[in-house]
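Note sheet for the following structure.
The values are calculated or read from the model by the stated rules, or taken from the named source; none is laboratory data. Fair warning: this is a prediction, and the values are worked out from it, not measured in the lab. Counting neighbours? That spans all protein chains shown, and the Cβs are built from the backbone with ideal geometry, glycine included.
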Amino acid sequence: MRLFEHPSPRVKVCGITSEADALMCANAGADALGFNFYSGSKRYIDPSTSLRWIANLKGAADRVAVVVNASPNLVKELWDSGCFEMIQFHGDETPLQCESLGVSRWMKAVRARDAATLSHSLQFSAPQVLLDAWSPDGYGGTGEVADWGLIRDFIANSPSLQYVLAGGLTPLNVAQAIEKVHPWAVDVAGGVESSPGIKDTALVKAFISEAKKYRLEQNEKPRC
């Protein structure tokens, strides 16, 4: 998957609700696109009406299906559709549940409430983990900014996995977040929208530019 290839940081734009927005984000340089199949989300899309146009995006960017405490039937439907390179479990799923659903490529999202919560992510067998902001109001997409210091210390002490940083990222703070946390990739939804589920072209381009500018600046630093 290009989301986890060198060089980092890579960019995932989540909460895509239309083919037009998906193509715009891919053309702007997004490495991955996230599609939310949790009915409680403001960015929910119905599989029965969206899988056809998501299939048309093959090769444009990695396609990630986001689910929250989904039924095995829904997970199977999404994975068997061939429309996605990865499933993102973003609810209260246990390691056993994630591993038993027949998905060959998945990552677990963990809301960074405290050090114990972050340590729980090490129980999952997938090599990638998404670290999101903690909020009592929902499973994600709340606009809350994650505790970068807490996440930075956790990543520094658990370097064996590839981490995606999410939670309240915008074009104005993503470079600072990357510099402080050093994630493998960053994930944005509301920070590049004009309204929930509607991506803003200027904000998407600015976000990706800021994230990948940091990548270029790091690669250009002289090496001793």
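Within the range 83-115, the set of residues being aromatic (Phe, Trp, Tyr) and farther than 16 Å from Leu161 by Cα comprises Phe84, Phe89. Of the residues making up the range 70-95, those that are within 19 Å of Ser41 (Cα to Cα) and β-branched (Val, Ile, Thr) number 2. Applying the selection to the range 168-192, what residues are among the polar types (S, T, N, Q) and in a helix (DSSP H, G or I)? Matches in the range 168-192: Gln176 only. Just wondering, is there one or more residues in the range 91-98 that are surrounded by 14 or more Cβ atoms within 10 Å (Cβ to Cβ), of a type in the set (D, E, K, R) and touching a residue at least 40 places away in the same chain (Cβ under 8 Å)? Within the range 91-98 (the criterion being surrounded by 14 or more Cβ atoms within 10 Å (Cβ to Cβ), of a type in the set (D, E, K, R) and touching a residue at least 40 places away in the same chain (Cβ under 8 Å)), the answer is no, since none of the residues qualifies. With respect to (1) part of a loop (DSSP other than H, G, I, E, B); (2) more than 17 Å from the chain's Cα centre (by Cα); (3) surrounded by fewer than 18 Cβ atoms within 10 Å (Cβ to Cβ), the lone exception for Leu57 is condition (3). When you check Leu33 against the structure, is it part of a loop (DSSP other than H, G, I, E, B) and crowded, with 17+ Cβ neighbours inside 10 Å, yes or no? Judged against the criteria, Leu33 is not a match. If we scan the range 99-117, do we find a residue that is within 17 Å of the chain's Cα centre (by Cα), assigned to a helix (DSSP H, G or I) and either more than 15 Å from Phe4 (Cα to Cα) or in contact (Cβ under 8 Å) with a residue 12 or more places away in the chain (or both)? No, the range 99-117 contains no residue that is within 17 Å of the chain's Cα centre (by Cα), assigned to a helix (DSSP H, G or I) and either more than 15 Å from Phe4 (Cα to Cα) or in contact (Cβ under 8 Å) with a residue 12 or more places away in the chain (or both). Does the range 157-170 contain at least one residue that is among the aromatic types (Phe, Trp, Tyr) and surrounded by fewer than 21 Cβ atoms within 10 Å (Cβ to Cβ)? No. If you filter the range 99-110 down to residues that are in contact with a helix residue (DSSP H, G or I) (Cβ under 7 Å, 6 or more places away or on another chain) and over 17 Å from Tyr139 (Cα atoms), you find that the one that is surrounded by the fewest Cβ atoms within 10 Å (Cβ to Cβ) is Gly102. Within the range 1-22, the set of residues being among the hydrophobic types (A, V, I, L, M, F, W, C) and outside any loop (DSSP other than H, G, I, E, B) comprises Leu3, Phe4, Val11, Val13, Ala20, Ala22. Give the range 193-214 a look and list any residue that's part of a helix (DSSP H, G or I), under 21 Å from Val66 (Cβ atoms) and without any contact (Cβ under 8 Å) to a residue 40 or more places away in the chain, or say none. Within the range 193-214, Leu203 is the sole residue that qualifies. The sole residue among Ala166, Ala156, Ala185 that is of a type in the set (A, V, I, L, M), closer than 30 Å to Leu96 by Cβ and touching a Lys or Arg at 6+ places or on another chain (Cβ under 7 Å) is Ala185. Number of residues in the range 127-145 that are modelled with pLDDT of 90 or more and outside any strand (DSSP E or B) equals 2. Among the criteria (1) assigned to a helix (DSSP H, G or I); (2) more than 20 Å from Arg215 (Cβ to Cβ); (3) touching a helix residue (DSSP H, G or I) at 6+ places or on another chain (Cβ under 7 Å), the one Cys25 does not fulfil is (2).
Could you tell me which residue of the range 183-220 is surrounded by the most Cβ atoms within 10 Å (Cβ to Cβ), considering only residues that are at pLDDT below 95 and in contact with a helix residue (DSSP H, G or I) (Cβ under 8 Å, 6 or more places away or on another chain)? This residue is Tyr214.
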